[in-house]
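Single-structure report; data block below.
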Amino acid sequence: MSDLEKAAEYITGAKNILFLSGAGISAESGIPTFRGEEGLYKNRRAEYLATPQAFTRDPEFVWGWYNFRKDLVSSKEPNAAHRATTELKELIPAMLVVTQNVDGFHREAGVEDLVEMHGNIFRARCTECPYESELRSTESDMPRCEKCEGLLRPAVVWFGESLDAGVLNRIFEMIQKADLMLVVGTSGIVYPAAGFSVEVRRSGGRIIEINPDKPHSMGKDDIHLQGSAAQIMPELVEEVKKRL
Ligand code: BV8
Ligand code: ZN
């Protein structure tokens, strides 16, 4: 039995599945990943830009980066891996889809009950009052709150910022009962997301990892499907369909 077939068996035999995606699932849509060589903005790395310190120091420069990314994401679209994820969610409603990405592509590809653990690049919130709303325009590099004129910031989680407690509770509830975790297109560097697979293994779950990297730190029952998510995810869903 191939690893792909074995992975499909894991999926159809699982009761509770946690799905986690990272920047790699949007790579084939033309969105640079964070740690790939193309993940730079005016020679700055994300770790420098996606921080409250960078925003305090130079809000206009950070808004410039987010507007650049918003325009890029608006010009691209979800790829076959996002669509396969939606199909898998329809086949297995118990699967919880969590993404580290802020591009909204899983929602655009049809996943309604999506957990965007790092927020969404097309939403902004006020630095002075509780106002938050969608902000698709990239007109201004210093957008203001329509309620109090305060400076808006992207409604995303920056490095050094805590995640929303409700979001974390929802994810940890699933981690406790997950017998399987699908990890697609993430380098497993950023916490707390990077720790989820360790927790799933600890509570007896198995991991299926999909990315082009070499397998690393796999458990004996884990499966690493090496390659592009846009190619592997649709094949995996076809194998699952044969077994349902
Ligand atoms: C927090 C939103 C509590 C913004 C992002 C230990 C415990 C707790 C915290 C820490 C810790 N150690 C360090 C920390 C601090 C920090 C952290 O993890 N730092 C890292 C750099 C070590 N974590 C935090 O600050 C988090 N907060 O823990 O709160 C706290 C509070 C205060 C002090 C301490 C703790 C908040 C982190 C959230 C940061 N925000 N995004 C924005 O997007 O603008 S993270 C950012 O990185 C994106 O969301 C991105 O998705 C994410 C993770 O990166 P990846 O998705 O993995 O992308 P990457 O480029 O790395 O990898 C791409 C992968 O895809 C590769 O494997 C590649 O091979 C693969 N790939 C490429 N092509 C394909 C592919 N795969 C499939 N198909 C392809 N075609
Ligand atoms: Zn305000």
inquiry  = Around Gly205, under 14 Å between beta carbons, what's the net of Lys plus Arg minus Asp minus Glu among the other residues?
reply    = 0
ask   = Under unit Cβ charges (Lys, Arg +1; Asp, Glu -1), what dipole magnitude, rounded to 20 debye, does the stretch 100-172 have relative to its Cα centre?
value = 120 debye
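Hey, any idea what % of the chain's accessible area is carbon plus sulfur with a 1.4 Å probe? Don't jump to the answer; show the numbers that get you there.
Numbers: 5750 of 11660 Å².
Carbon with sulfur: 49 percent of the solvent-accessible area.
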task = Add +1 for every Lys or Arg and -1 for every Asp or Glu among the other residues with Cβ under 11 Å from the Cβ of Met1, and state the total.
result = -3
note = Given Cβ charges of +1 for Lys and Arg and -1 for Asp and Glu, the option among Ser26, Trp65, Ala94 whose Cα lies farthest towards the positive end of the dipole of the stretch 1-127 is Trp65
key: Neighbourhood net charge (15 Å Cβ-Cβ; Lys/Arg +1, Asp/Glu -1) for Val97   = -4
ask   = Working out 0.36 nm times the residue gap between Glu132 and Tyr48, then minus their Cα-Cα distance, what length gain in nm do you get to one decimal?
value = 27.8 nm
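For the stretch 43-128, divide the Cα radius of gyration by the Kirkwood radius and give the resulting Rg/Rh value with two decimals. It would help to have the intermediate numbers written out before the result.
On the way: Rg = 15.2 Å, Rh = 14.5 Å.
Dividing the radius of gyration by the Kirkwood radius yields 1.05.
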ask   = Roughly how much of Glu5 is accessible, in Å² to the nearest 10, using a 1.4 Å probe?
value = 60 Å²
note = Kirkwood radius from Cα pairs of the chain plugged into Stokes-Einstein at 20 °C, 1.002 mPa s, gives D in µm²/s equal to 115 µm²/s
ask   = Hey, which lysines would be in cross-link range of Lys42, C-alpha to C-alpha under 22 Å, not counting anything within fewer than 8 residues on its own chain?
value = Lys70, Lys76
query = Roughly how big is the chain's charge dipole about its Cα centre, with Cβ charges of +1 (Lys, Arg) and -1 (Asp, Glu), in debye to the nearest 20?
reply = 380 debye
request  = Among DSSP beta bridges whose residues both lie in the chain, state the antiparallel percentage, nearest 5.
outcome  = 30 percent
message = Heavy atoms of the protein only, probe of 1.4 Å, neighbouring chains included. What is the accessible area of Lys177 in Å², nearest 10?
response = 110 Å²
key: Relative contact order computed over the chain (Cα-Cα under 8 Å; 6+ residues apart), in percent   = 27 percent
task = Could you check which residue among His224, His82, His106 shows the biggest mean-square fluctuation in a GNM of the chain with a 10 Å Cα cutoff?
result = His224
Estimated dipole of the stretch 70-209 in Debye, rounded to 20 [Cβ of Lys and Arg +1, of Asp and Glu -1, Cα centre] = 360 debye
key: Selection from His82, Ser2, Thr138, by position along the positive dipole direction of the chain (Cβ)   = Ser2
ask   = Listed highest first by mean packing, meaning other Cβ atoms within 10 Å per residue, what order do 83-93, 19-29 come in?
value = 19-29, 83-93
key: Per residue accessible area of the chain, 1.4 Å probe, in Å²   = 48 Å²
query = Can you list residues whose amide H is under 5 Å from Leu40's amide H, if they're 5+ apart or on another chain and H is modeled 1.01 Å from N?
reply = none
message = Can you give me the solvent accessible area of Tyr41 with a 1.4 Å probe, rounded to the nearest 10 Å²?
response = 20 Å²
request  = Under a cut-off of 25 Å between alpha-carbon atoms, report the lysines in cross-link reach of Lys241, not counting same-chain residues fewer than 8 places apart.
outcome  = Lys6, Lys15, Lys89, Lys177
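Express as a percent, rounded to the nearest 5, the fraction of DSSP beta bridges in the stretch 67-177 (both residues included) that run antiparallel.
Working: 8 of 11 bridges.
DSSP beta bridges in the stretch 67-177 are roughly 75 percent antiparallel.
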ask   = In degrees from 0 to 90, rounded to the nearest 10, what is the angle of the helix 3-13 Cα long axis to the longest principal axis of the chain?
value = 90 degrees
The chain: calculated mean residue ellipticity at 222 nm from DSSP helix runs of at least 4, using -39500 (n - 2.57) = -11000 deg cm²/dmol
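The values are calculated or read from the model by the stated rules, or taken from the named source; none is laboratory data. Quantities reported herein were computed from a predicted structural model and do not represent experimental measurements. Backbone-built Cβ (ideal geometry, glycine too); neighbour counts: all protein chains shown. Only protein heavy atoms, including side chains, enter the accessible area calculation; ligands, DNA and RNA are left aside. Shrake-Rupley method; radii C 1.70, N 1.55, O 1.52, S 1.80 Å.
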